[in-house]
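Written out below as structure tokens is the structure these notes cover.
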Amino acid sequence: MSVVLAEEKTVSLDVFRKVSSLVTLRDNLDADTVSRMYKVFLDEPWAPDHILRVHNKIVAGLANGLSRKNHLMKDLAWKFDEGESWFAGHLLMTWYLGVYYHAERPTQRVAYETALMFDSTRGILPIPLVESLGFGGWTDAPEDAR
Amino acid sequence: MSGTIDANVIIIGSGVAGAMTACKLAQLGVRDIVIVEAGPRIDRAETVKKFRASPFIDSSSGYPNPDYAPRPDWNDAKNPYIEKTGPAFLNEEYLRVVGGTTWHWGGCTPRFRPVDFRLASAYGVGADWPVDYDTLEPFYTEAEEEIGIAGEEDDGSPRSKPYPMARIPSSYCDKVIAEGLKPMGITFNARPSARASRPYNGRGQCQGFGTCSPICPSGAQYAAIYHVEKAEKLGVRVVDTTRAERIHADGKITSVEARKPDGSLVTLRGKIYVVAANGIETPRLLLMSAGERRPRGIANTSGLVGRYFMEHPALTCRLKMPRPVYSSRGPESIVTSSDFRDGPFRRERPSSMLSIEHPPRFHETADGLLRQGLEPPKIDADVKDALTRMAEMNIGIEQLPDRQNGITLNWDKRDRAGQPLTRLYYSFGSYEQAGFAFARDMFKKIAASLQAQIVSLGDPVPQFHLMGMTRMGNDPKTSVADSFGRSHDHKNLFILSSSLFPSASSVNPTLTLAALCLRAGHEISRQLKVGN
Ligand SMILES: Cc1cc2nc3c(=O)[nH]c(=O)nc-3n(C[C@H](O)[C@H](O)[C@H](O)COP(=O)(O)OP(=O)(O)OC[C@H]3O[C@@H](n4cnc5c(N)ncnc54)[C@H](O)[C@@H]3O)c2cc1C
């Protein structure tokens, strides 16, 4: 993974995908959701700078032997400043809830069934409005092999 | 478009009350019926899409809220549609679309018990109804068939016929909780519900989406759009996007003025008028129709229009169970306990209804954990643990009619349609407080019995059951309408809404409302035959 220059005024979809993947600890993020979120984030004037800074710090940390499994915000090894820490949390929240909270503009939905909050219960609890169990499919406990 | 619509019967509101009454009248041979509806028509699949696209997780945000037919919106706290006054919390919710609020209701449809109709006589509190259980029983049976209800035993409300459909089977979570509460002696029954347990009148079997409210994606749950469509097939004309603004009277009701989205006026004239605009908009419309000759509004010689508002305030308790119970699998609520519905205790504290609820809580749960600073991979494990071990229970109580609770109009402030704002005063008395204390104590015992941890046990919240503000009774001095919903003041005006209820019981109101509408249908038809 190469470091991208932080002075750049914009940031590529690929870098956004990478930083999303690093922050969420997932390699299989839904491509459409990545594109949609990329657009929404890039609407913010501060986004390219924050995306790049967080991306670069994590990449540098990984190059120095830090584990990908580490907790991102709590692991001071990444040496996030306050703004970077806030941004990583904001990105994580957007990915988990599928909702983009904005200070000035109206709250926006950016993902529904691909929101990560559904990941750990997939196949166990139906995604509201999307999945159903079939009549009576709720009477027994699900097979919960995880 | 301005103009005049002449008909035999003018019905204001296409919710379950208006639409079911229209069908009944048409079936009884009444011709020339018009339903005038403030809101637009909507499509189920489109609405599901809108919910998925909405950033909010309330039960209204996928439904329209146009300027010409505004409604309460929790997500717009800055511009409340209803001004709240009084000490108790209330965030009301209803829809203004063709078919009304049952698009997003919970579909729970119990009957009242016989004693609920004579609360004052039996326990010395509240008020008696001018109609008793036995009189209403055949209409309950008919309403259950019309709505399509799945249920099991009579649960203290004697039945002349079995439920039209077998009960909805209990969920795994229901079974674990019922087993865990046996040592406390708490028993659970199937909660009668408007969900199809077999194909019924064009509705498929419940598929267990678990989103009964805000919307059933498959249409297995009843919504009054079913009766709107049926009424249209029977020849009833449904005029949508036309909001009634004023009722005119000259002894009898002479006309209704309604407004289209483009601002033009429509005058509706009929022999009989039915106001079925829900428990808040109905009294509001009557009050808004005040004029020089009737400064208190229409049907309001008693001065009681807009008074005696009642809800079923409920305490919700979220528990963390000792092991997974997979709560959000299946319909939103399948069983209740009626153990606390009736007894001599009702002299001092309310009837209560305990229910197990299964609403999906993904967003709140993940949001809460993120705000605690959790990150992957821990957050994934914790979301799963929290959601699979969560159980939610509700205790809703019977609120007594209190004259000071209710609405007035604020003519100095307007809603988006230019109508005076509704101002709602709401408070609880010592009777309700005793009910809340009982519920809190009960939840502590329940948690202990289940070896569960109480995650949250909040303050009372409304269940969106809007009762009391055009109460029925035999005495015109102490009530607004008679037992058929006919105004004491205007014999050709029928008020069909849960606002007729003189007392609330502790159970959901809509089935009882539907039974009242079916009974009123016969009376309206009779009155049309003999002349007003
Ligand atoms: C989230 C939620 C869950 C609920 N769950 C349950 C439940 O499980 N069980 C239960 O029994 N009850 C439940 N209720 C209550 C139930 O929805 C109501 O009791 C029922 O819808 C009342 O029917 P209605 O026809 O009187 O009013 P509505 O269904 O509200 O219909 C009234 C209609 O009148 C129209 N209207 C209003 N004003 C005007 C006007 N000025 N001119 C023309 N048209 C007008 C409206 O647009 C609307 O279409 C729930 C309510 C909510 C909000």
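The values are calculated or read from the model by the stated rules, or taken from the named source; none is laboratory data. Quantities reported herein were computed from a predicted structural model and do not represent experimental measurements. Ideal geometry is used to build each Cβ from the backbone, glycine not excepted, and the neighbour counts take in all protein chains shown. Accessible surface is based on the protein model in full, side chains and every heavy atom, while ligands, DNA and RNA are left aside. Shrake-Rupley method; radii C 1.70, N 1.55, O 1.52, S 1.80 Å.
Listed values, structure above:
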item	result
Span from the segment B:163-234 Cα centroid across to the segment A:104-146 one, whole angstrom	20 Å
Between segment B:271-342 and segment B:387-438, the Cα center-to-center distance that results, in Å	9 Å
Total lysine pairs whose alpha carbons fall under 19 Å of each other in chain A (8 or more apart, or interchain)	11
Other-chain or far-sequence residues with amide H under 5 Å of residue B:57's (modelled H)	none
Pairwise burial B:A, computed as accessible area of each alone minus the pair, summed, 1.4 Å, Å²	4000 Å²
Phi-based couplings in Hz for segment B:312-317 (Karplus 6.51, -1.76, 1.60; Gly and Pro marked x)	10, x, 10, 9, 10, 10
Solvent-accessible area, 1.4 Å probe, carbon plus sulfur percent, for segment B:227-277	45 percent
Cα-based helix-to-principal-axis angle, B:362-371 vs chain B, degrees rounded to 10	60 degrees
Within the accessible area of segment A:13-112 (1.4 Å probe), percent carbon and sulfur	53 percent
Whichever lysines have a C-alpha closer than 26 Å to that of residue B:260, once near sequence neighbours (fewer than 8 apart) are set aside	B:50, B:230, B:233, B:252, B:271, B:413
Formal net charge of residues neighbouring residue B:415 (Cβ-Cβ distance under 12 Å; K, R +1; D, E -1)	+2
On Cα atoms only, tilt of A:82-97 relative to the major axis of chain A in degrees	20 degrees
Cα-based helix-to-principal-axis angle, B:510-530 vs chain B, degrees rounded to 10	20 degrees
Interchain or long-range residues, amide H under 5 Å from residue B:12's placed H	B:36, B:274, B:275, B:276
For residue B:259, distant residues with modelled amide H under 5 Å away	B:243, B:244, B:245, B:266
Table column - 3J(HN,Hα) (Hz), segment A:44-61, Karplus curve with 6.51, -1.76, 1.60, x for Gly and Pro	8, x, 8, 4, x, 4, 5, 4, 5, 5, 5, 4, 5, 5, 5, 4, 5, x
Computed [θ] at 222 nm, helices only, for chain B once each DSSP H run of length n ≥ 4 contributes -39500 (n - 2.57)	-8000 deg cm²/dmol
Shielded residues, segment B:308-344 - accessible-area loss of 40 Å² or more between chain alone and all protein chains, probe 1.4 Å	B:326, B:329
Average beta carbon contacts from partner chains per residue of B:355-362, 10 Å cutoff	3
Shielding by other protein chains, A:84-94, mean Cβ within 10 Å	1
Heavy-atom surface of the protein assembly as shown, accessible at 1.4 Å and reported per residue (Å²)	37 Å²
